[in-house]
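Notes follow the structure.
The values are calculated or read from the model by the stated rules, or taken from the named source; none is laboratory data. Quick caveat: nothing in here was measured; it's all calculated off a predicted structure. In this analysis, Cβ positions are derived from the backbone assuming ideal geometry, glycine residues included, and neighbour counts consider all displayed protein chains.
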Amino acid sequence: MRGLEGSPALPDSVALMAALPVPVVLLDAGNRFRFANPAAEQFFQLSAANLAQMGLAELIPPDSRLFALVDQVRSLDAPVSDHDLTLDSPRLHRTGVTVHGAPLPELSGAVLLSLQDGSKAQKLDRQLNFRGAARGASAMAAMLAHEVKNPLSGIRGAAQLLEQSASEEDRELCTLIQDEADRIRHLVERFEMFSERPVERAPVNIHEVLDHVRRIAGRGFASHLRIVEDYDPSLPPVYANRDLLVQILLNLVKNAAEAVDPQAGEIHLSTAYHHGVRIAVPGSRERVHLPLQVSVRDNGPGIPEEVASTIWEPFVTTKRGGQGLGLALVAKLVADQGSLIECDTRPGRTVFRLSLPMPPADLPAPRKTRDE
């Protein structure tokens with residue numbers, strides 16, 4: 001079997017590694033990549049052709065524990081494992097990584113590494129929290145709509161009646177009462193967006209949605225910022241509700257615009273296909289495949305560690321004057337569509353990744369109108 005492009009042939013035993021869902025790479029005696037399976041390409045976010053031109057030191061800082069593990073494998077000529085590694089560099093950011101290293105007798109000095117990204121499991125666990133936050137917000141919305149909106153109508157109506165026979169000074173107070181009642185009603189209407197409603201989904205061109213969101217942002221709240229697009233043109237349609245997708249992505253882009261430096265801020269919009277992302281459907285054994293990924297990345301200061309784990313809950317915000325409903329609504333709308341959203345944050349880089357399904361294979365074709 002041949003290794004990465006331009007490399008000599010590898011032992012046949014390595015061929016089996018290509019089918020593994022776990023990232024596996026083979027380093028030669030100089031710590032250059034000789035083999036990478038498809039899962040490793042996804043882990044490093046680099047193609048096999050790119051990895052073939054690189055050494056481990058170009059991806060990982062030299063003081064990383066991973067280099068110590070590789071040296072130990074060679075010195076002991078035996079398997080070595082390490083847990084909870086952080087692989088952090090401008091090219092790569094992974095936390096909670098478990099690494100197993102083993103020598104390859106057929107190649108002198110070669111080390112076979114398998115990597116398990118524990119952060120992915122943590123993110124999927126947090127998705128359950130997002131759904132819990134959404135359910136809590138839905139219950140709160142139903143309660144507020146019932147207990148607050150109806151009395152507000154009575155208060156506003158009474159103020160209108162009093163205004164007709166009040167003095168000039170009292171009329172100002174009646175107007176103030178009506179304005180405040182309207183303000184509370186608008187806030188309650190925002191909560192109503194969290195209520196449980198059936199979501200109609202259909203095949204949607206995600207790049208058309210992103211272009212629409214970019215034009216809205218570029219003409220409004222992000223007109224002073226640089227928006228960079230990096231799309232995979234071969235991506236198939238996503239299976240979602242177009243209006244809700246626009247709402248989700250507008251919220252994410254607006255958050256990014258408010259987080260970055262007004263002078264040097266950048267927002268990156270990207271799409272990609274990532275095989276292997278699946279979530280369980282509650283109450284059944286079905287697992288939904290979510291291979292279509294949309295990312296919104298900014299170069300802001302990052303989300304403070306003390307609130308990063310609760311950003312999807314209502315009323316959690318780091319903005320002055322913020323209400324903390326934007327990301328809670330995003331979590332709810334994403335959950336409604338059977339999708340997944342994740343957040344990676346550190347100083348200088350925050351990424352929100354939205355994973356979406358493809359349309360079902362047995363989805364009926366849309367009916368054509370007479371004009372078509």
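Overview of results
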| read-out | value |
| --- | --- |
| Residue ID - modelled with the highest pLDDT, chosen from residues in the range 52-64 that are within 19 Å of Asp117 (Cα to Cα) and among the hydrophobic types (A, V, I, L, M, F, W, C) | Leu56 |
| Residue match in the range 16-24 (condition: among the hydrophobic types (A, V, I, L, M, F, W, C), touching a residue at least 40 places away in the same chain (Cβ under 8 Å), touching a Pro at 6+ places or on another chain (Cβ under 6 Å) and not in a strand (DSSP E or B)) | no |
| Filter result for Val99 (buried (at least 18 other Cβ atoms within 10 Å of the Cβ), in a helix (DSSP H, G or I) and either within 27 Å of the chain's Cα centre (by Cα) or free of Cβ contacts under 8 Å to residues at least 60 places away in the same chain (or both)) | no |
| Candidate set: the range 279-318, residues that are among the hydrophobic types (A, V, I, L, M, F, W, C) and in a loop (DSSP other than H, G, I, E, B); chosen: the one modelled with the lowest pLDDT | Val281 |
| Those residues of the range 218-271 which are at pLDDT 90 or above and among the basic types (Lys, Arg), in sequence order | Arg226, Arg242, Lys254 |
| The range 185-204: number of residues that are over 26 Å from Met358 (Cα atoms), buried (at least 16 other Cβ atoms within 10 Å of the Cβ) and either of a type in the set (Asp, Glu) or modelled with pLDDT of 80 or more (or both) | 0 |
| Single condition Gly220 does not satisfy, out of (1) assigned to a strand (DSSP E or B); (2) free of Cβ contacts under 8 Å to residues at least 12 places away in the same chain | (1) |
| Yes/no for Leu104 being crowded, with 18+ Cβ neighbours inside 10 Å and either modelled with pLDDT of 85 or more or out of contact with any helix residue (DSSP H, G or I) (no Cβ under 6 Å at 6 or more places or on another chain) (or both) | yes |
| Number of the exception - Glu208 against (1) in contact with a Leu (Cβ under 9 Å, 6 or more places away or on another chain); (2) within 22 Å of Arg297 (Cβ to Cβ); (3) not aliphatic (A, V, I, L, M) | (1) |
| Qualifying positions in the range 215-238 - more than 22 Å from His274 (Cβ to Cβ) and among the charged types (D, E, K, R) | Arg215, Arg219, Arg226 |
| Top-ranked residue of the range 217-232 - restricted to ones that are of a type outside the set (Asp, Glu) and touching a strand residue (DSSP E or B) at 6+ places or on another chain (Cβ under 9 Å), ranked as surrounded by the fewest Cβ atoms within 10 Å (Cβ to Cβ) | Val228 |
| Residue pairs meeting the criteria (Cβ under 8 Å; at least 6 apart or on separate chains; first farther than 19 Å from Gln247 by Cα, in the range 348-369; second at pLDDT below 90 and in a strand (DSSP E or B)) | Arg349/His93; Thr350/Cys343; Thr350/Asp344; Met358/His289 |
| Condition met for Ser114 (at pLDDT 90 or above, surrounded by 15 or more Cβ atoms within 10 Å (Cβ to Cβ) and under 28 Å from Ile341 (Cα atoms)) | yes |
| Test for Pro90: is it within 28 Å of the chain's Cα centre (by Cα), without any contact (Cβ under 8 Å) to a residue 12 or more places away in the chain and assigned to a loop (DSSP other than H, G, I, E, B) | yes |
| Matching entry among Leu244, Leu269, Leu252 (being crowded, with 16+ Cβ neighbours inside 10 Å and not in a helix (DSSP H, G or I)) | Leu269 |
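Conditions (1) under 30 Å from Pro233 (Cα atoms); (2) at pLDDT below 80; (3) more than 32 Å from the chain's Cα centre (by Cα); (4) not acidic (Asp, Glu), marked per residue:
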{"residue": "Ala121", "(1), (2), (3), (4)": "yes, yes, no, yes"}
{"residue": "Asn129", "(1), (2), (3), (4)": "no, yes, no, yes"}
{"residue": "Met140", "(1), (2), (3), (4)": "no, yes, no, yes"}
{"residue": "Met143", "(1), (2), (3), (4)": "no, yes, no, yes"}
{"residue": "Asn150", "(1), (2), (3), (4)": "no, yes, yes, yes"}
